[in-house]
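Working notes for the structure below.
The values are calculated or read from the model by the stated rules, or taken from the named source; none is laboratory data. Source: prediction; values computed, not measured. Here the Cβ positions follow ideal geometry from the backbone for every residue, glycine too, while neighbour counts run over all protein chains shown.
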Amino acid sequence: MAYPEQDHAPHSFWTRYVWSQDHKVIAVQYTITAIAVGLVALVLSNLMRLQIGFPGRFAFIDANHYYQFVTMHGMIMVIYLLTALFLGGFGNYLIPLMVGARDMVFPFLNMLSYWMYLLAVLVLMGSFFVPGGPTGAGWTLYPPQAILPGTPGSGGGIVLMLVSLAIFIVAATMGGLNYVTTVLQARTRGMTLMRLPLTVWGILVATIMALLAFPALFVSAVMMLFDRLLGTSFFMPAVVSMGQALAYKGGSPILFQHLFWFFGHPEVYIVALPAFGIVSDLISTHARKNIFGYRMMVWAIVIIGVLSFVVWAHHMYVSGMNPWFGFFFATTTLIIAVPTAIKVYNWLLTLWRGDIHLTVPMLFAIGFVSTFVIGGLTGLFLGNVSTDMPLSNTYFVVAHFHMVMGVSPILAIFGGIYHWYPKVTGRLMNDTLGKLHFWVTFVGSYAIYFPMHYLGILGMPRRYYAYDNYAFIPPSAQQLNAFITVAALIVGTFQLVFLYNLARSAFNGLPSGPNPWGSASLEWQTPENPPGHGNWGSALPEVHRWPYDYSVPGTSTDFLPQTSTSPLGCEAKPDRTAP
Amino acid sequence: MALAIALIALVISAVLFHVFSPWWYTPLASNWALIDTTLSITLLITGAVFIAVNIFIAWCIVRFRQRDGHRATVQQDNRKLEHWLIGLTALGIAAMLAPGLFVYADLIHAPPKAAVIEAIGQQWQWRFRLPGPDGQLGSTDVRFISPTNPFGLNPADPRGQDDILINAPEVHLPVNQPVKILLRSQDVLHDFFVQPFRTRMNMVPGMVTSFWLTPTRTGRYEILCAQLCGVGHFNMRGYVVVDDEAAYQVWLDKQRVTLASATVNTRPLAPPISGTSPVNALASQGQSLAQSKGCVACHSPTTAAGVGPGWQGLYGKHERLAGGASALVDDAYLREAITSPNSKRVEGFQPVMPKIELNDQEVNALIAYIKSLSAKPAATTARQ
């Protein structure tokens with residue numbers, strides 16, 4: 001589709017880098033903000049690990065602070081880092097370049113999305129400085145405790161948290177409408193849906209899910225704000241708190257959990273699907289082989305997206321909801337393992353008989369597959385209602401979701417950053433530092449989370465400030481916790497290597513040339529690298545094939561770019577599954 | 001290549017860790033052996049997949065890594081292979097789901113003959129209620145909760161008049177008798193979790209939830225709160241003692257104190273917290289109260305600060321109060337701090353202490369206990 005000439009070309013430093021409407025600048029703004037706030041969450045996680053590994057040794061981490069660290073770490077990582085970085089960062093940068101558009105279709109809205117996101121981050125950070133500090137209700141913010149005095153930050157902290165979430169959702173909606181519209185309406189000539197890279201498919205479906213799921217969080221945030229500030233009783237039954245009978249009456253704490261997880265479970269896939277897409281493209285590019293079963297991969301993304309809206313109550317097996325729900329949600333939850341397994345098989349079959357270049361992005365992509373597999377498999381313990389009973393709310397859960405939704409998406413993000421950094425800056429990141437970063441992060445993550453599963457099987461409950469005098473917990477568990485803490489501190493510290501590499505390579509990295517990885521997809525075929533404003537110079541590119549023509553028999557190069565008019569190629573034939 | 005070696009090493013260490021891990025289930029103490037069986041099936045299937053995937057990746061890296069003259073073999077798709085993989089995956093899923101659902105059907109259907117008891121959660125303590133001779137629990141409501149009626153019994157309900165009220169965090173169960181545990185909370189979410197029982201349920205204010213089990217092994221087990229319930233969550237502990245029939249009857253006979261009597265049962269717990277030795281009987285009573293009233297959830301008997309100040313070395317100390325004033329911790333101060341909490345709060349702590357109804361004698365006992373913790377010539381008292 002032709003795109004009208006741009007009328008928002010930047011004229012000054014301010015419009016170029018600050019109030020920019022260019023998707024590439026907005027993507028970098030999103031990415032830097034998300035990494036900055038993620039660094040806060042990383043420090044918080046190391047502080048909480050200090051308490052768990054060496055209880056009482058650090059006097060400033062009292063119980064109040066501990067719960068505040070736990071809560072802020074979780075919320076920042078899930079929402080303000082992962083969601084923002086995948087959609088606002090990767091989505092913004094890659095969608096227009098990968099579909100052959102000059103920018104997002106609503107550039108002003110796109111800019112507004114970033115500034116709203118920044119506002120949400122600032123409001124959230126502001127909660128560290130209000131009396132009573134940030135909320136310590138756990139990232140799930142379950143009422144009644146989230147707004148009652150027994151919980152740290154039940155004054156200003158929880159209010160700012162809810163307000164910040166509401167602002168974030170406004171930002172995500174502005175961005176999301178933009179991404180979906182751009183993918184559907186601004187593809188260049190020849191770029192059919194079945195020629196989109198899987199990265200775009202992952203981000204597209206994740207964005208549609210975000211548009212459908214975030215409203216549930218939005219209303220629950222507003223309703224809880226009303227309960228907290230206006231005395232309504234949406235989530236508040238009659239309670240006697242700290243010896244005082246409160247005026248609440250008739251509300252349901254479980255209603256909040258349903259709303260929260262109706263958002264919360266799709267949220268897992270809002271993070272996972274872009275990671276799936278990115279990893280698919282990294283594996284294909286660096287194995288010099290087309291992604292195996294492209295159509296199946298697309299359909300798996302769509303099916304996972306749909307199914308993820310009917311599995312939410314597997315987070316609530318022991319919540320006290322009607323126990324009959326358990327049958328339904330256990331079944332849907334285990335069914336979702338099938339399309340997810342297909343994705344894993346196809347990554348493996350892409351590696352099989354490939355020409356595997358063990359570049360830094362490829363290392364991270366393989367690291368993603370390994371950690372995602374273990375995280376997905378442990379999900380089968382928790383999704384199957386009866387095996388969830390002894391494991392719910394133990395360290396098994398912590399280990400599971402950190403593997404599947406912490407480590408593996410972060411590895412995909414790192415892989416993506418190392419891969420597309422030359423596109424953004426025209427320079428390569430340092431290879432040695434990148435490998436060092438990979439090895440410490442990958443091995444360290446296993447050292448942290450693999451043993452943690454066993455503490456969960458033992459029955460150690462999570463969100464405990466200390467484990468004094470619990471007879472069923474052997475002293476060896478404390479030693480293991482100390483080991484995990486040391487591993488976590490090492491992994492945390494080595495992320496500085498990444499930050500250093502990220503910053504220094506922008507000025508000192510080796511010039512990358514226009515297409516350092518020999519990638520076939522459209523974003524590497526821009527006339528300039530990094531691409532200028534409007535991306536494509538005077539004429540939009542024309543696409544003649546899918547983005548996976550690697551090692552095509554009969555060609556002299558080992559890849560054919562999407563713009564190539566060569567009659568050769570292995571594009572998937574349109575068949576009954578063409579949308 | 002390094003990655004292939006790392007992945008193989010990863011698989012080997014994972015298997016070794018599993019075999020030699022001292023961290024595993026606590027021995028089962030209920031009828032839910034089938035949960036453990038389902039878990040073992042799941043572990044077997046998922047473990048095999050974990051090993052297979054990582055080994056396959058390692059093999060691909062060794063076999064298909066970049067070498068001079070090597071080129072990838074293009075294969076777009078393989079429908080037959082994919083259908084096989086989907087079929088096998090579905091089979092594996094069914095092998096885990098089917099036993100899981102069978103067990104679940106049992107989990108949610110308590111046998112009609114199961115005895116019924118009630119556990120009540122409150123930040124950050126437990127109490128229990130057993131039906132009296134009429135075999136029925138009376139109705140309750142939070143609006144009836146008062147210092148003299150901590151269980152919120154409905155005064156108009158005759159079925160509740162004979163209920164056995166246990167205002168202490170320890171309950172007994174007879175071995176090999178199915179029991180359905182009704183769960184209630186008066187403030188926030190809690191969770192009744194006894195790991196050796198395997199099954200469990202949240203306690204939700206505004207409604208009654210439940211789960212059931214048959215205890216199969218006598219012993220004393222810890223009850224954990226496993227749903228974040230505020231800053232004292234990690235210390236909200238109770239005990240469930242599984243007795244043989246004779247011992248259970250002895251215990252039950254001791255509990256027959258009903259709503260009619262002025263004070264509810266505050267039975268001392270055994271064993272007392274280690275590392276403390278109350279100097280006299282009053283202090284000893286105070287120690288029991290500190291546990292049964294839930295004080296220890298926030299106040300440690302050491303110098304360590306928890307949600308509230310630790311008690312060792314507290315007596316006789318000058319504390320800075322929130323607002324800037326300071327106070328000497330003596331009998332008068334402690335009495336005020338206990339009877340009107342948060343009025344003179346020590347700096348650095350949140351105003352979250354609940355007012356717990358205590359008579360003068362009980363307050364004296366608590367003060368004596370706190371005093372006793374500072375009486376010893378501990379090095380910490382020198383801090384003042």
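Overview of results
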{"read-out": "Every residue from the range B:41-64 that is β-branched (V, I, T) and more than 7 Å from chain A (Cβ to nearest Cβ)", "value": "B:I41, B:I45, B:I51, B:I55, B:V62"}
{"read-out": "Criterion (closer than 22 Å to B:S374 by Cβ, of a type in the set (S, T, Y), surrounded by 12 or more Cβ atoms within 10 Å (Cβ to Cβ) and modelled with pLDDT under 80) met by exactly one of B:S274, B:S284", "value": "B:S284"}
{"read-out": "Considering residues of the range B:367-384 that are part of a helix (DSSP H, G or I) and among the polar types (S, T, N, Q) only, the residue modelled with the highest pLDDT", "value": "B:S372"}
{"read-out": "Subset of the range B:94-112 that is under 24 Å from the mean Cα position of the chain (by Cα) and surrounded by 14 or more Cβ atoms within 10 Å (Cβ to Cβ) - its residue that is farthest from B:L182 (Cα to Cα)", "value": "B:V103"}
{"read-out": "Residues (surrounded by 24 or more Cβ atoms within 10 Å (Cβ to Cβ) and on the phi > 0 side of the Ramachandran plot) located in the range A:275-299", "value": "A:G293"}
{"read-out": "Failed condition for A:R57, given (1) within 14 Å of chain B (Cβ to nearest Cβ); (2) among the basic types (K, R); (3) buried (at least 22 other Cβ atoms within 10 Å of the Cβ)", "value": "(3)"}
{"read-out": "Some residue of the range A:158-177 being in a helix (DSSP H, G or I), within 20 Å of A:F235 (Cβ to Cβ) and within 14 Å of chain B (Cβ to nearest Cβ)", "value": "yes"}
{"read-out": "Long-range neighbours under 6 Å by Cβ, at least six apart or interchain, first residue at the interface with chain A (Cβ under 10 Å from one of its Cβ atoms) within the range B:303-320, second of a type in the set (V, I, T) and assigned to a loop (DSSP other than H, G, I, E, B)", "value": "B:V307/B:V231"}
{"read-out": "The range A:429-438 - residue that is surrounded by fewer than 20 Cβ atoms within 10 Å (Cβ to Cβ) and touching a helix residue (DSSP H, G or I) at 6+ places or on another chain (Cβ under 8 Å) and, of those, farthest from the other protein chains (Cβ to nearest Cβ)", "value": "A:L433"}
{"read-out": "Top-ranked residue in the range B:187-229 [being β-branched (V, I, T) and closer than 19 Å to B:I108 by Cβ; ranked as farthest from the other protein chains (Cβ to nearest Cβ)]", "value": "B:T214"}
{"read-out": "When residues of the range B:357-366 are limited to those that are modelled with pLDDT of 75 or more and not polar (S, T, N, Q), the one surrounded by the fewest Cβ atoms within 10 Å (Cβ to Cβ)", "value": "B:D360"}
{"read-out": "Given (1) modelled with pLDDT under 95; (2) in a loop (DSSP other than H, G, I, E, B); (3) not acidic (D, E), number of the condition B:L39 does not satisfy", "value": "(2)"}
{"read-out": "Residues located in the range B:342-362, provided they are without any contact (Cβ under 8 Å) to a residue 60 or more places away in the chain and among the aliphatic types (A, V, I, L, M)", "value": "B:V346, B:M353"}
{"read-out": "Residue count for the range A:1-59, restricted to those that are modelled with pLDDT under 95 and among the aliphatic types (A, V, I, L, M)", "value": "5"}
{"read-out": "A:A482, sole failed condition from (1) under 30 Å from B:R198 (Cβ atoms); (2) in contact with a Pro (Cβ under 9 Å, 6 or more places away or on another chain); (3) of a type in the set (G, A, S)", "value": "(2)"}
{"read-out": "Only listed residue being within 12 Å of another protein chain (Cβ to nearest Cβ) and modelled with pLDDT under 95, chosen from A:G569, A:G537", "value": "A:G569"}
{"read-out": "Selection within the range A:8-54 - within 14 Å of chain B (Cβ to nearest Cβ) and under 26 Å from B:E347 (Cβ atoms)", "value": "A:M48, A:Q51, A:F54"}
{"read-out": "Those residues of the range A:217-238 which are surrounded by 19 or more Cβ atoms within 10 Å (Cβ to Cβ) and within 24 Å of the chain's Cα centre (by Cα), in sequence order", "value": "A:L217, A:F218, A:S220, A:A221"}
{"read-out": "Test: residue in the range A:387-400 that is without any contact (Cβ under 8 Å) to a residue 40 or more places away in the chain and buried (at least 23 other Cβ atoms within 10 Å of the Cβ)", "value": "yes"}
{"read-out": "All helices (runs of 4 or more DSSP H) inside the range A:1-117 with 3 or more residues being more than 24 Å from the chain's Cα centre (by Cα)", "value": "A:23-53, A:63-75"}
